[in-house]
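Following: one structure in structure tokens, then a few remarks.
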Amino acid sequence: MAAEVGPPLLLLGGPGSGKTALLFAAALEAAGEGRGPVLFLTRRPLQSLPRRTPAALDPLRLQKIRFQYPPSTHDLLQLLCSAHEARGPAPFLLLLDGLEEYLAEDPEPQETAYLAALLLDTAAHFSHQVGPGRGCGLIVALQTQEEGDSGDPLQLSLLQRYFPAQCWLQPVAPGSGQRCFRACLEPGGLGPRAEWSVAFQPDGEMTITPWPAQAGDPSSNQGPSSGGQP
């Protein structure tokens, strides 16, 4: 759902809401069908990945995903600043998991704004390298603390200026051992609101289906509330 090149996207959700799994699914999608490579930035190697899907088992797709693990904000900034010096084909998709861990090192507003702007500049540089009509997508995952808590309001407000398109993950009642989430995409005025159901089986398999529209459901036609949650 997020692999298509579009506006920079901020992916928001609580701990264990499937943000990393969605980023990896987007990486696999972008690496297939002649796309790629994909640059996946995270502080530590992924512990678990979606399984039992042809894309996740395709070695050709996996080879197109370049994982890099900047351990600190300083290392992340250095990596982004040196992107113009990198050799090889430019990424078709830039992914960053765990933005909150980097922001926690220096939560000052100017540092948040600088990192967000640098991410956008790096994606724009890759887009210029990729060429007209293709571009480089950018998806950044930010963990919220608890359900209904968006974390630092000022920090989130700053990020929303740079990432007008946002996707919120909300837990819903599970069934048959599944972990289920409602994914609400707000494209920042560039299109209609869209919603999906994201389910994780006990073995880690992930399925994404359209969220069923229900008559009288006010959330189907409303944007996020004043607190940022759908």
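What follows draws every value from the coordinates through simple rules; no lab data is involved. It should be emphasised that the depicted structure is a prediction, and the values quoted were computed from it without experimental measurement. Ideal geometry is used to build each Cβ from the backbone, glycine not excepted, and the neighbour counts take in all protein chains shown.
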Self-check item: Label-point separation in nm, Arg44 to Tyr114, each point 7 Å along Cα→Cβ
Solution: 2.7
Quiz item: Once fully extended, how much extra length lies between Arg66 and Thr207, figured as 0.36 nm per residue of separation less the alpha-carbon to alpha-carbon distance?
Solution: 48.3 nm
